[in-house]
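The values are calculated or read from the model by the stated rules, or taken from the named source; none is laboratory data. Since the structure is predicted, the reported quantities are computational estimates derived from the model, not experimental observations. Glycine also receives a Cβ, built like all others from the backbone with ideal geometry; neighbour counts cover every protein chain displayed.
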Amino acid sequence: MRKAGASIPPEFEGRLEASLLKKAQDYEAEKTRFGFISSIFGNIVTIVFIFGGLLNIYNSWIVSLNKSFIISGWIFFLFLTYGGELLSIPFGLYKIFKIENKYGFNTMTSRLWMSDFIKSLLISTAILSLSVFAGFWLIQWSPNYWWFLVWGFFFMFSIFIMYVSPYVIEPLFHKFTPIEDESLKDRIITLANKAGIHASRILRIDASKRSKHTNAYFTGIGKTKRIVLYDTLLKSMSHGEILSVLAHEMGHWKRKHLLKTIAAFEVFSFIALYLCFRVIQSDFLSTLFHISANTLFAKFVILAFLASIFSLPLSPLMNFFMRRYERQADRASYEFTRDSENMVSALIKLSKENLSNLYPHPLYVALHYSHPPVLERIRYLKGLINSPVPERVGGV
């Protein structure tokens, strides 16, 4: 970034000051350093917990409580989750109230942070408890086929959460109100109809209570689909730019990117659970990691640790497909609106407002980026101006 990013790219000439580019680079550098520190700390805690004997001590303590299989599993993972949340608090506070404050993004008060934290903890406790009770009951009920039953349960449960989240979970953190601009609303409805999308509501979210970052998204599935616009986005962008951003999101829906991602995840989960079932049939893991009390809970923790290592090569592959999806959505935005200039303008504004890195290293992009770099996206969109547009836009 420092080697290549000293000059303003042609795409941003006249729209980006050198001082803002320097600020964006400083923001990226500070986030990266902080990411290194928090990642190293997390890895050290994990290694010490698993290889330093703490997992064995914790597991033996759970066994000493002499509770039932399901209750023991619930206590095991509940306390483990609380421990992780407790360790993450200092890093979360530093990121929000130090880094985000320093660069003018944070608008959250300490009182609001505490409220969000308590709500998140209660929600995660409820979801974890339901998942653990159901999962371990299925394991106990069907020792030979639990892997298939657990996979089916979590698949259905995730769909259920996607349905209820817009009505139950999201309103606990944000206030959603219908957009007041009738002209914009009519244009959004027209665009959605053109894309073959029926969204139940078009809403404004009070994102500025927590951050000055801008965004827009779809939420829910089926009849619960809704279009959500950040209030920060509505303030900073023109109607044409907002429509282009929404057309991009509609492109994801039209191309069935969410459905494809869910399908890939479920196939991977199905295979992983079956392999998990096969591995835990023996005492190999307990012996290898010196676990004195041979419990299923400890084996699951060890398997999760090993899975995080063996699945590393899948992350760049998944990011490759995510970047491909984003490119397809950018093309869909142009095909829906026949206007790439507003999308380019919106990307430039989003980059400036979010202090995005304009010069990421190609290798880092390949390994970690779920979106193509903004300059690549802008050049791709400008190249679409003279490309043929399908007669029937709904077929993209």
Residue match in the stretch 346-355 (condition: in contact (Cβ under 8 Å) with a residue 40 or more places away in the chain, part of a loop (DSSP other than H, G, I, E, B) and either more than 24 Å from LEU191 (Cα to Cα) or of a type in the set (Phe, Trp, Tyr) (or both)): yes
In the stretch 236-279, residue nearest to the chain's Cα centre (by Cα) [restricted to those that are crowded, with 18+ Cβ neighbours inside 10 Å and β-branched (Val, Ile, Thr)]: VAL245
So LYS254, is it under 30 Å from TYR364 (Cα atoms) and in contact with a Gly (Cβ under 8 Å, 6 or more places away or on another chain): yes
Sole residue being more than 20 Å from LEU87 (Cα to Cα), crowded, with 16+ Cβ neighbours inside 10 Å and not acidic (Asp, Glu), chosen from SER68, SER72: SER72
Residue match in the stretch 171-184 (condition: of a type in the set (Asp, Glu), surrounded by 13 or more Cβ atoms within 10 Å (Cβ to Cβ) and farther than 30 Å from ILE75 by Cβ): yes
Which numbered condition ILE50 misses (of (1) among the hydrophobic types (A, V, I, L, M, F, W, C); (2) within 24 Å of the chain's Cα centre (by Cα); (3) at pLDDT below 95; (4) part of a helix (DSSP H, G or I)): (2)
Of residues in the stretch 201-225 being touching a helix residue (DSSP H, G or I) at 6+ places or on another chain (Cβ under 6 Å) and within 22 Å of LEU259 (Cβ to Cβ), the one modelled with the lowest pLDDT: THR224
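Scan the stretch 185-213 for residues that are without any contact (Cβ under 8 Å) to a residue 60 or more places away in the chain, surrounded by fewer than 17 Cβ atoms within 10 Å (Cβ to Cβ) and either among the hydroxyl-bearing types (Ser, Thr, Tyr) or in a helix (DSSP H, G or I) (or both) and report the count.
7
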